[in-house]
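**Student:** Right, I'll just put the structure down here and ask away after.
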Amino acid sequence: MSAKLIHRYSNSLYEAAVEAKNVSKVAGDCEGILSLMAESKELKILFDSPVISKEKKTNVINLIFKGKIETLTLNFILLIIKNQRENFIKQFFESFLRVKDNKEGIIKPVFTSAVELKDAEKKKYKKDIDALTKKNSQPVFEVNPALIGGFTISVGDSMIDGSVKRQLEMMKAILKTKI
């Protein structure tokens with residue numbers, strides 16, 4: 001599946017949600033459906049299976065979601081099924097959420113430390129990330145004892161590695177070249 005096509009579908013959904021003034025509700029639907037797909041093997045099979053007919057998929061989706069999600073979201077899913085692109089629904093919804101965050105100036109950095117951070121430390125790091133990026137961050141805090149100490153921050157394709165592990169690796173490389 002071409003990234004262009006995924007972007008086209010997700011942008012279209014975003015523009016329709018903006019026009020309908022319900023971006024946050026559609027985003028909530030996308031997050032909920034993604035979560036449901038992660039938990040439900042049957043729903044994932046429904047979207048992925050080429051053996052199940054469009055009509056059966058449409059009936060099941062209407063049965064599960066009609067009246068429970070925004071009409072716009074439901075119609076988007078039905079359009080995807082009609083166009084036989086339902087096996088890419090996960091990518092469409094993930095891309096929609098990225099487009100939404102980008103338009104709203106939100107970033108979701110992954111902050112990994114060697115130990116669990118206290119709430120006050122998390123707030124301080126969020127504030128520092130906001131100041132550095134000049135965006136509203138919603139950091140995800142993770143723990144990885146293999147870092148030994150320090151931290152790493154990943155935002156998209158960029159990474160800041162201030163871990164003790166990385167510093168030790170760099171010293172090892174320098175020592176190998178000197179010996």
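The values are calculated or read from the model by the stated rules, or taken from the named source; none is laboratory data. Bear in mind the structure is a predicted one, so any value in this text is a computation, not a measurement. A quick note on method: Cβ atoms are made from the backbone with ideal geometry, for glycine too, and the neighbour counts reach across all protein chains shown.
**Student:** Within the group Phe141, Phe93, Phe88, Phe111, which residue is aromatic (Phe, Trp, Tyr), touching a Cys at 6+ places or on another chain (Cβ under 6 Å), closer than 29 Å to Gly32 by Cα and surrounded by 12 or more Cβ atoms within 10 Å (Cβ to Cβ)?
**Tutor:** Only one candidate qualifies: Phe93.
**Student:** So, one more: Testing Asn59 on (1) touching a helix residue (DSSP H, G or I) at 6+ places or on another chain (Cβ under 9 Å); (2) over 30 Å from Ser137 (Cβ atoms), one condition comes back false. Which one is that?
**Tutor:** (1)
**Student:** Would you please list the contacts, defined by Cβ atoms under 6 Å and residues six or more apart or on different chains, that run from a residue in region 83-110 that is among the acidic types (Asp, Glu) to a residue that is surrounded by 14 or more Cβ atoms within 10 Å (Cβ to Cβ)?
**Tutor:** Cβ pairs passing all conditions: Glu86/Phe47; Glu86/Ile80.
**Student:** Determine whether region 81-93 contains at least one residue that is of a type in the set (D, E, K, R) and closer than 18 Å to Asp29 by Cα.
**Tutor:** Yes, there is a match, as at least one residue in region 81-93 is of a type in the set (D, E, K, R) and closer than 18 Å to Asp29 by Cα.
**Student:** I've got another one for you. Only one residue in Leu147, Leu72 is in contact (Cβ under 8 Å) with a residue 12 or more places away in the chain and either within 23 Å of Asp29 (Cα to Cα) or in contact with a Leu (Cβ under 6 Å, 6 or more places away or on another chain) (or both). Which one?
**Tutor:** On the way: Leu147 fails: either within 23 Å of Asp29 (Cα to Cα) or in contact with a Leu (Cβ under 6 Å, 6 or more places away or on another chain) (or both).
That would be Leu72, the only listed residue that is in contact (Cβ under 8 Å) with a residue 12 or more places away in the chain and either within 23 Å of Asp29 (Cα to Cα) or in contact with a Leu (Cβ under 6 Å, 6 or more places away or on another chain) (or both).
**Student:** Yes or no: Ile80 hydrophobic (A, V, I, L, M, F, W, C), more than 25 Å from Asn136 (Cβ to Cβ) and either within 20 Å of the chain's Cα centre (by Cα) or outside the structural domain of Asn136 (by TED's automatic domain parsing) (or both)?
**Tutor:** Here the answer is yes, as Ile80 does meet what is asked.
**Student:** Suppose the filter is under 21 Å from the mean Cα position of the chain (by Cα), touching a residue at least 12 places away in the same chain (Cβ under 8 Å) and farther than 23 Å from Leu97 by Cβ; does Asn136 pass it? Talk me through it step by step, then tell me what you get.
**Tutor:** Details: under 21 Å from the mean Cα position of the chain (by Cα): yes; touching a residue at least 12 places away in the same chain (Cβ under 8 Å): yes; farther than 23 Å from Leu97 by Cβ: no.
No; evaluated as a whole, the condition is false for this residue.
**Student:** Considering each residue of region 150-166, count those that are among the hydrophobic types (A, V, I, L, M, F, W, C) and in contact (Cβ under 8 Å) with a residue 40 or more places away in the chain, and give that number.
**Tutor:** Residues in region 150-166 being among the hydrophobic types (A, V, I, L, M, F, W, C) and in contact (Cβ under 8 Å) with a residue 40 or more places away in the chain: 4 in total.
**Student:** Okay, moving on. Give the residue, chosen from Ser163, Ser113, that is farther than 17 Å from Asn102 by Cα, at pLDDT below 90 and not acidic (Asp, Glu). Working first, answer last.
**Tutor:** Values: Ser113 fails: at pLDDT below 90.
On inspection, the qualifying residue turns out to be Ser163.
**Student:** Of Ile6, Ile45, which residue is crowded, with 17+ Cβ neighbours inside 10 Å and more than 30 Å from Arg166 (Cβ to Cβ)? Give the derivation first.
**Tutor:** Details: Ile45 fails: crowded, with 17+ Cβ neighbours inside 10 Å.
From the options Ile6, Ile45, the qualifying one is Ile6.
**Student:** So which helices (runs of 4 or more DSSP H) stay within region 6-82 end to end and still have 1 or more residues that are closer than 16 Å to Leu97 by Cβ?
**Tutor:** Passing ranges, in order: 23-39, 71-82.
**Student:** If you don't mind, another one. When you look at Phe151, is it of a type in the set (Phe, Trp, Tyr), in contact with a strand residue (DSSP E or B) (Cβ under 8 Å, 6 or more places away or on another chain) and surrounded by 12 or more Cβ atoms within 10 Å (Cβ to Cβ), yes or no?
**Tutor:** Numbers: of a type in the set (Phe, Trp, Tyr): yes; in contact with a strand residue (DSSP E or B) (Cβ under 8 Å, 6 or more places away or on another chain): yes; surrounded by 12 or more Cβ atoms within 10 Å (Cβ to Cβ): yes.
Judged against the criteria, Phe151 is a match.
**Student:** Of these, Ala27, Ala17, which one is surrounded by 15 or more Cβ atoms within 10 Å (Cβ to Cβ), over 15 Å from the mean Cα position of the chain (by Cα) and either not basic (Lys, Arg) or not assigned by TED's automatic domain parsing to the domain that holds Lys126 (or both)?
**Tutor:** Ala17
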